[in-house]
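All remarks here apply to the structure that follows.
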Amino acid sequence: METEGAQTPRLELRGITKAYPGVLANDSINLKILPGEIHALLGENGAGKSTLVKIIYGVLKADSGDMYWDGNPLDIPNPHAARKTGIGMIFQHFSLFEAMTVTENIALGLPGRQNMADLAKRITEISENYGLPLQPDRHVHTLSVGEKQRIEIVRCLLQNPKLLIMDEPTSVLTPQEADKMFETLRRLADEGVSILYISHKLDEIKSLCHKATILRGGKYISECDPTVETAKSLAEMMIGTNLTAPKHTDDAKRGAVRLKAHNLSLESTDQFGVDLNLLNFEVHGGEILGIAGVAGNGQVELLEVLSGESRAENAEQLLFDQQPIGKLNPIERRKMGIAFVPEDRLGHGSVPDMSLVDNAFLSAYSPKKLISNGLIDTRKTTDYAEKIVEKFDVRTAGVSHTAGSLSGGNLQKFIVGREMLQSPQLIIIAHPTWGVDAGAAAAIHQAIIDLAAEGAAILVVSQDLDELFAISNRIAVIAEGRLSVARAVQELTIEEIGLLMGGTTGTADKKEIESVA
Amino acid sequence: MVYLTPLLALLLTVLTSTIVFSLLGVNPLEALENFFIKPIDNQYGATELLVKATPLILCAIGLSVGFRANVWNIGAEGQLTMGAIIGGGVFIYLHDVESVLLLPAMILMGAAGGALWAAIPAFLKTRFNANEILTSLMLVYVAILVLSLLVHGPWRDPDGFNFPESRTFSESATMPILMEGTRLHFGTIIALLAVFGTWIMLSKTLVGFQVKVIGAAPKAGSYAGFSQKKIIWFCLLFGGAMAGLAGVSEVSGPVGQLLPSISPGYGFTAIIVAFLGRLHPVGIIFAGLLMALTYLGGETAQINLGLPVAVTGVFQGMVLFYLLACDVLVNYRFKMVRFGKAAS
């Protein structure tokens with residue numbers, strides 16, 4: 001391996017090995033991060049990235065192998081020691097107390113007693129500095145996934161880390177916001193902070209990172225310079241096979257209008273929620289409509305009113321095949337052939353403590369007829385769960401394991417699979433590939449496109465613009481509870497969308513944004 | 001580990017109670033023998049155990065369903081009392097009727113009475129979001145006072161020398177005895193059927209599935225379209241009906257008439273039974289038997305050793321206390337943390 005002159009690495013791992021019962025999660029991994037280096041850690045779901053960073057952060061203990069910090073042997077028994085050493089980490093799953101405010105949550109992660117007013121001021125300062133707007137006095141349960149992630153980032157930055165570990169930090173940001181954060185990261189790197197960056201967005205890694213270490217199946221594959229690789233070659237190193245891009249049906253055979261929202265409005269029950277204001281859109285059969293937007297601009301409310309978890313003010317505001325569905329509950333909507341993939345995988349799309357079999361039953365019992373003679377047909381449900389696992393390549397030791405034991409990406413595949421295999425007429429998907437690796441993302445995208453080709457109408461809500469451009473026929477943007485006109489992807493650029501996402505909702509532009517699809 | 005904590009809690013309770021017994025000046029070994037072994041070392045004692053366990057198991061099985069869905073009905077005692085009132089009331093008004101249908105009617109009305117009493121917290125919860133812990137608990141005292149009012153007044157036995165008690169139940173209003181010479185009655189069969197039925201309901205039916213989902217992840221429940229309100233109603237009505245069955249099986253079983261006090265706190269002890277049994281039907285049977293033993297043991301210890309009857313309550317309280325403590329400490333660890341003096 002090459003070393004850059006005589007520079008001592010900030011962190012060096014040698015031969016890190018960690019075995020779980022039946023799996024070798026890390027098989028003698030080597031890793032070197034220099035001061036001021038942005039180092040990407042690449043790999044599929046289950047490649048061992050999470051295990052490795054948990055070892056660095058002291059959450060897990062390696063079975064064997066050594067760690068060195070600025071050339072000295074390093075022992076990290078727990079996350080507290082890691083933070084003391086100067087390692088900060090942003091996890092993929094947030095560890096926040098829902099009932100507490102932003103400031104309180106951040107105070108909990110900091111050592112010692114905090115002056116809350118002072119801390120709130122510092123939070124505002126840092127969050128503005130780094131383009132991560134946050135209101136310190138809001139309660140966490142009122143925040144969207146994107147805003148929750150910002151708390152985690154700010155919490156780390158408050159502690160002036162020397163090594164920052166980031167697990168997919170940009171998946172919830174607009175391109176402009178992401179760019180701004182990259183500037184921040186580059187600035188941090190210039191200041192000498194090392195960054196270990198985990199992401200599935202290969203373009204992002206190419207433009208941001210100086211080095212990349214690739215893991216596959218728990219093994220160290222190679223270290224490379226991502227700036228000279230292509231996204232395709234990186235992805236192929238990651239999954240070890242050749243990738244095929246999803247076949248995009250540019251000229252979709254558009255069928256009749258399946259889902260129509262007409263002046264859809266909803267007053268949020270949550271005081272920090274976003275009211276939906278006169279949304280208008282149509283989704284045709286065989287069409288994929290993408291809805292872009294920054295987290296917390298009404299996506300949560302839109303998804304809930306579409307799924308039936310909250311009801312529209314007026315039944316006629318939502319029409320499915322010309323029938324008003326605005327007042328129907330989720331079960332009635334499912335009976336009409338509508339399926340949903342919610343934003344939050346754990347606790348919303350699945351019950352973490354229940355088995356995959358039970359989780360398959362959760363939404364599929366009626367469409368798949370999993371009840372016979374009033375009793376749950378366990379055999380049929382198990383078969384269905386196994387079919388999902390097989391068709392969507394869910395990596396699990398068995399369907400009797402709990403949903404909570406699956407990695408994020410695998411659970412996502414399971415939930416998407418559960419909804420897709422009900423052969424829905426209309427499917428509403430939030431963030432279809434959030435946290436899913438390139439190989440699985442391609443498979444999910446292909447499944448979505450295939451479903452559209454069979455005539456189903458598909459609505460995708462996502463913050464990943466590359467994803468929306470790859471699969472959508474038309475894209476609309478939601479900002480502050482209003483929806484822009486949906487336009488064909490061919491006529492749109494990422495920059496235009498980014499501007500709409502930024503909420504150019506000055507009074508002058510209101511007309512434009514409100515206008516009908 | 002989850003299934004080991006009840007045993008651990010029990011062990012701790014026994015250890016602590018030896019200290020308590022020593023302090024009371026009693027040989028701990030003798031006390032434990034009187035508490036746990038003497039009451040059931042003969043056939044009659046063993047059947048008495050089942051007699052006491054019956055109302056406990058009935059109440060606990062009903063409560064366990066609610067607890068699984070995070071519906072905290074702690075008013076089983078009141079629902080039991082109301083079941084006894086409505087079920088027993090059938091006899092009071094039809095006391096001269098001799099019919100094989102009388103007892104079934106009483107059992108049904110008893111279940112209905114308990115459910116009716118639990119419907120009040122259900123309504124208050126779903127309509128006004130009133131905390132069911134408070135409302136169901138307060139209604140316990142209302143139910144006990146209603147019973148007292150009735151047996152002191154309109155339902156008093158005309159030939160009872162003004163004692164506050166109702167007529168003694170006739171043959172056709174009494175639970176059939178299962179074993180000659182004991183008090184073991186048909187209510188025990190009802191309890192076992194209820195346990196079995198609840199087991200099937202929780203593991204094999206949609207409503208049982210809904211109960212579990214809403215308890216484990218309410219948002220996933222609403223995503224699937226399960227109505228939280230319906231589940232609250234279901235849990236409370238089911239729990240009330242089971243407690244009502246317990247009530248009617250007591251008054252038409254071992255008690256034999258309506259008295260101002262018909263239960264030594266079965267409805268409250270059932271909360272301990274439900275948790276000690278890990279909210280699982282089979283566990284509840286074992287926990288019910290154990291708690292029944294503490295009632296018997298308390299009596300034996302009182303007779304043989306002159307220990308106060310409050311020992312039973314102390315014992316039951318310790319079991320719950322240690323169970324909850326073990327549950328917490330199995331999952332969490334104490335750590336002493338010193339706060340810095342950074343900002344003050």
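Rule-based calculations on the coordinates, nothing more; no lab input. Only a predicted model underlies this, so the values are computations on that prediction, with no experimental measurement involved. Backbone-built Cβ (ideal geometry, glycine too); neighbour counts: all protein chains shown.
Dipole of the protein assembly as shown (Lys/Arg Cβ +1, Asp/Glu Cβ -1, origin at the Cα centre): which of A:Thr124, A:Pro324, B:Asn27 lies farthest to the positive side?
B:Asn27
So what are the ³J(HN,Hα) numbers for the range B:70-85, from phi and the Karplus equation (6.51, -1.76, 1.60; θ = phi - 60°), rounded to whole Hz, Gly and Pro as x?
6, 9, 9, 7, 10, x, 4, 4, x, 5, 4, 4, 5, x, 5, 5
Using only Cα atoms and rounding to the nearest 10 degrees, what angle (0 to 90) does helix A:145-157 make with the longest principal axis of chain A?
Compared with the principal axis, the helix lies near 10 degrees.
Can you tell me what the convex hull of the Cα atoms of the range A:86-165 projects to on average, as an area in nm²?
Mean projected area for the range A:86-165: 4.9 nm², to one decimal.
Please report, in whole Å³, the volume per residue of the convex hull around the C-alpha atoms of the range A:327-390. Walk me through the numbers before you get to the answer.
Details: hull volume 6.7 nm³, N = 64.
For the range A:327-390, the hull spanned by Cα atoms encloses 105 Å³ per residue.
So what is the diffusion coefficient of chain A in µm² per second by Stokes-Einstein at 20 °C and 1.002 mPa s, using a Kirkwood Rh over Cα pairs?
It comes out at roughly 89 µm²/s.
Under 8 Å for C-alpha pairs, at least 6 residues apart: give me the relative contact order for chain A, rounded to a whole percent.
After rounding, I find 15 percent.
Among A:Ile76, A:Leu164, A:Phe91, whose Cα sits farthest toward the positive end of the charge dipole of the range A:11-239 (+1 at Cβ of Lys/Arg, -1 at Cβ of Asp/Glu, about the Cα centre)?
A:Ile76
Determine how many Å³ per residue the convex hull of the Cα atoms of the range A:17-81 encloses.
On the way: hull volume 6.3 nm³, N = 65.
Here the figure is 98 Å³ per residue.
In Å, what Kirkwood hydrodynamic radius results for the range B:83-216 from the alpha-carbon pair distances?
Evaluated on the range B:83-216, it is 17.6 Å.
Whose amide H sits under 5 Å from the amide H of A:Gly290, counting only residues 5 or more places off or on another chain, with H placed in the peptide plane?
Under 5 Å from the amide H of A:Gly290 lie the amide H atoms of A:Val460, A:Asn473, A:Arg474, A:Ile475, A:Ala476, each far enough along the sequence or on another chain.
Evaluate peptide A:341-353: per residue, the Cβ atoms of other protein chains within 10 Å of its Cβ; return the mean as an integer.
Per residue, the average neighbour count from other chains is 4.
Taking each pair of different alpha-carbon atoms in the range B:268-316 once, compute 1/r for the pair, average those values, and report the inverse of that mean as the Kirkwood hydrodynamic radius in Å to one decimal.
11.1 Å
Is there a quick way to get the dipole size of chain A? I mean about its Cα centre, with the Cβ of Lys and Arg at +1 and of Asp and Glu at -1; what is the value in debye to the nearest 20?
Charge dipole of chain A: 1040 debye, to the nearest 20.
What average count of beta carbons from other chains do you get within 10 Å of the Cβ of residues in B:220-233?
Average per residue, whole number: 6.
Suppose every K and R has +1 on its Cβ and every D and E has -1 on its Cβ; what is the size of the dipole of the range B:35-162 about the Cα centre, in Debye to the nearest 20? Write out the running numbers ahead of the final one.
On the way: 6 positive and 8 negative charges, 114 e Å.
Dipole size: approximately 540 debye.
Counting only C-alpha contacts under 8 Å and six or more residues apart, can you give the relative contact order of the range B:187-344 as a whole percent? If you can, show how the numbers build up before the last one.
Numbers: 81 pairs, mean separation 23.5, N = 158.
That works out to 15 percent.
Find me the longest stretch of chain B that has none of the exposed trypsin sites (Lys or Arg not before Pro), where exposed means in a DSSP loop (not H, G, I, E or B) with at most 13 other Cβ atoms within 10 Å.
B:1-332
Just from its helices, what would the mean residue ellipticity at 222 nm be for chain A, if runs of 4 or more DSSP H residues each count -39500 (n - 2.57) and the sum is divided by every residue, rounded to the nearest 500 deg cm²/dmol?
Calculated from helices alone, the mean residue ellipticity at 222 nm is -9500 deg cm²/dmol.
Mind checking the dipole of chain B: about its Cα centre, +1 per Lys or Arg Cβ, -1 per Asp or Glu Cβ, Debye to the nearest 20?
With Lys and Arg at +1 and Asp and Glu at -1, about 2000 debye.
Report ³J(HN,Hα) in whole Hz for each residue of the range B:152-157, in order, from the Karplus equation J = 6.51 cos²θ - 1.76 cosθ + 1.60 where θ = phi - 60°; Gly and Pro get x.
Each residue of the range B:152-157 in turn: 7, x, x, 9, 5, 5 Hz.
Taking the Cα atoms only, what angle lies between the long axis of helix A:378-391 and the longest principal axis of chain A, rounded to 10 degrees?
Value to nearest ten degrees: 60.
Would you work out which of A:Gly36, A:Tyr57, A:Pro136 lies farthest towards the positive end of the dipole of the range A:11-239, given +1 charges on the beta-carbon of Lys and Arg and -1 on that of Asp and Glu, about the Cα centre?
The residue sitting farthest along the positive end of the dipole is A:Tyr57.
Given 10 °C and 1.306 mPa s, how large is the Stokes-Einstein diffusion coefficient of the range A:251-393 in µm²/s, with Rh as the Kirkwood radius over Cα pairs?
Working: Rh = 17.0 Å.
Answer, rounded: 94 µm²/s.
Using amide H atoms built in the peptide plane, which far-off residues or other-chain residues are under 5 Å from B:Gln257 H to H?
Here B:Phe169 satisfy the definition.
Taking each residue of B:203-213 in turn, how many C-beta atoms of other protein chains fall within 10 Å of its C-beta, and what is the average?
Values: counts 3, 6, 4, 8, 1, 2, 8, 1, 0, 4, 7.
Counting other chains' Cβ atoms within 10 Å and averaging over B:203-213 gives 4.
Given Cα pairs under 8 Å that are at least 6 residues apart, what percent is the relative contact order of chain B?
Values: 588 pairs, mean separation 113.1, N = 344.
The normalised contact order for chain B reaches 33 percent.
Cut-off is 10 Å between beta-carbons; in what order do B:Tyr141, A:Tyr57 appear when sorted fewest neighbours first? Could the numbers behind the result be given before it?
Details: B:Tyr141 13, A:Tyr57 21.
Lowest to highest Cβ neighbour count: B:Tyr141, A:Tyr57.
Mind grabbing the base-10 log of I(q)/I(0) for the range B:49-303 at q = 0.10 Å⁻¹? Debye formula, identical points on the C-alpha positions, no solvent, two decimal places.
Those come out to -0.46, one per q.
Quick one: which residues, 5+ away or cross-chain, put their amide H under 5 Å from the amide H of A:Ile38? H built at 1.01 Å from N.
Amide H neighbours of A:Ile38: A:Ile195, A:His210, A:Lys211.
Can you tell me what share of the DSSP beta bridges in chain A is antiparallel? A percent to the nearest 5 is fine.
Here the antiparallel bridges make up roughly 50 percent for chain A.
Between A:Asp321 and A:Asp75, what is the spin-label point distance in nm, taking each point 7 Å from the Cα along the Cα→C-beta axis?
Result for the modelled spin labels: 6.7 nm.
Once you put a point 7 Å from the Cα of A:Glu267 and another 7 Å from the Cα of A:Glu125, both along the Cβ direction, what distance in nm separates them?
With each label placed 7 Å out from Cα toward Cβ, I get 4.1 nm.
Over all directions, average the projected area of the Cα convex hull of the range A:11-239 and note it in nm².
Values: hull surface 49.3 nm².
Over all viewing directions, the range A:11-239 projects a mean Cα-hull area of 12.3 nm².
In degrees from 0 to 90, rounded to the nearest 10, what is the angle of the helix A:408-420 Cα long axis to the longest principal axis of chain A?
Tilt relative to chain A: about 10 degrees.
Using the Karplus curve 6.51 cos²θ - 1.76 cosθ + 1.60 with θ = phi - 60°, work out ³J(HN,Hα) for each residue of the range B:176-184 in order, rounded to whole Hz, and write x for Gly and Pro.
These are the phi-based 3J(HN,Hα) values: x, 7, 8, 9, 4, x, 10, 9, 4 Hz.
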